[in-house]
Amino acid sequence: MSESSAPPAPPAVSLGEAFWFWLKLGLISFGGPAGQIAIMHQELVEKRRWLSERRFLHALNCCMLLPGPEAQQLATYIGWLLHRTWGGVIAGVLFVLPSLFILIGLSWLYIAYGDVPLVAGIFYGIKPAVTAIVVQAAWRIGSRALRNNWLWGIAGASFVAIFAFNLPFPLIVIGAALLGYCGGRLLPQQFSLGGGHAAASHSYGPALIDDDSPPLAHTRFRASRLALLLLVGALLWLLPMGLLTWLYGWDGTLTQMAWFFSKAALLTFGGAYAVLPYVYQGAIGHYGWLTPTQMIDGLALGETTPGPLIMVVAFVAFVGAYLQPMFGGDSGFVSGAVAAALVTWFTFLPSFLFILAGGPLVESTHGELTFTAPLTAITAAVVGVILNLALFFAYHVLWPQGFV
């Protein structure tokens with residue numbers, strides 16, 4: 001675009017204007033992370049020009065390195081860039097809140113009317129599509145992540161570990177991280193981040209936060225700010241966890257859900273499909289909160305509603321608490337809604353903390369092999385784990401009664 005035809009730089013964005021945009025985004029963010037990121041690019045880079053494409057992709061790269069839903073983290077990151085901490089909180093919350101309310105309603109309909117032939121038939125037809133979506137996720141992530149034989153080997157080893165030996169997902173993540181760290185030191189070319197997102201090649205006119213904009217004051221690393229946010233984040237986790245333990249005991253359903261999904265939130269390298277194997281191992285195999293069929297139905301609901309796919313955890317929590325009501329015999333809906341809200345809190349709290357406290361730190365270390373090589377290996381391992389999940393779903397779809 002020539003300088004003579006370039007539009008003027010957009011005016012400053014108020015927090016109120018940003019609030020309504022993030023709310024709108026939370027209501028229309030269908031299509032999984034790829035679709036959500038595409039919507040944000042179109043709205044924020046092309047139409048509104050709140051930030052340049054290069055700054056957008058840089059923020060996305062940072063979020064891709066972190067555990068958690070990258071699209072929600074990207075919204076939080078951009079909100080933080082535009083309006084400091086409160087801007088990030090508002091953006092991240094509004095990205096999630098509409099889908100939470102929608103999933104609570106749909107989960108109740110599923111439990112209350114799932115045995116009605118029409119509703120049951122709809123879910124029966126959706127299940128094979130969900131299996132295909134999981135297979136596609138393995139292919140999509142694998143085509144991006146498995147760039148050489150070493151990474152293919154890690155993916156194959158992780159598949160064997162979970163399929164043949166039922167090794168817990170956290171151990172697979174730890175093992176892959178150690179392999180990546182060692183590989184980054186011994187074979188740096190094989191474990192470099194590479195691939196990633198291409199450099200920005202389009203110009204949509206001057207942006208509010210442009211390529212050559214000076215560093216914003218609140219994006220500079222300050223140890224005092226990091227310590228304060230870590231303290232606040234710890235309190236926001238400890239206080240509700242302590243209250244749940246006091247009210248229901250450590251073995252109470254809500255307490256165990258809070259603890260389980262706090263751990264799950266730290267294992268979502270590679271997106272929501274990466275943590276689903278851990279969720280089904282725990283929620284189905286260990287705790288018995290729901291059945292494999294219900295898990296597939298929940299994933300189908302998550303795929304057809306706005307918001308991050310990891311919001312399927314709200315369905316898991318609702319079903320588990322509805323079937324084990326904690327507030328009396330007729331309190332299934334209240335128990336399920338409370339559980340869904342609590343699990344959403346504990347699942348997304350780390351993502352907010354990663355962005356708001358670690359954003360400046362991640363930017364300063366972005367591209368360093370010591371930091372990125374373990375994550376490269378973890379992403380490769382995730383491919384094998386997702387393939388196992390696809391086989392798990394396919395088995396329960398094709399042979400719901402088992403082999404007979």
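Brief remarks follow.
- Residue within the stretch 213-223 that is among the aromatic types (F, W, Y), surrounded by 13 or more Cβ atoms within 10 Å (Cβ to Cβ) and either at pLDDT 85 or above or not in a helix (DSSP H, G or I) (or both) present: yes
- Among (1) over 24 Å from G359 (Cα atoms); (2) at pLDDT below 65, the one test that L193 misses: (1)
- Residue satisfying all of: in the stretch 285-330; touching a residue at least 40 places away in the same chain (Cβ under 8 Å) and aromatic (F, W, Y); farthest from L94 (Cα to Cα) among these: Y322
- For L361: the one exception among (1) buried (at least 21 other Cβ atoms within 10 Å of the Cβ); (2) closer than 27 Å to A91 by Cα: (1)
The values are calculated or read from the model by the stated rules, or taken from the named source; none is laboratory data. Owing to the predicted nature of the structure, the values given are computational and were not obtained by experimental measurement. Every residue, glycine among them, receives a Cβ derived from its backbone with ideal geometry; neighbour counts consider all protein chains shown.
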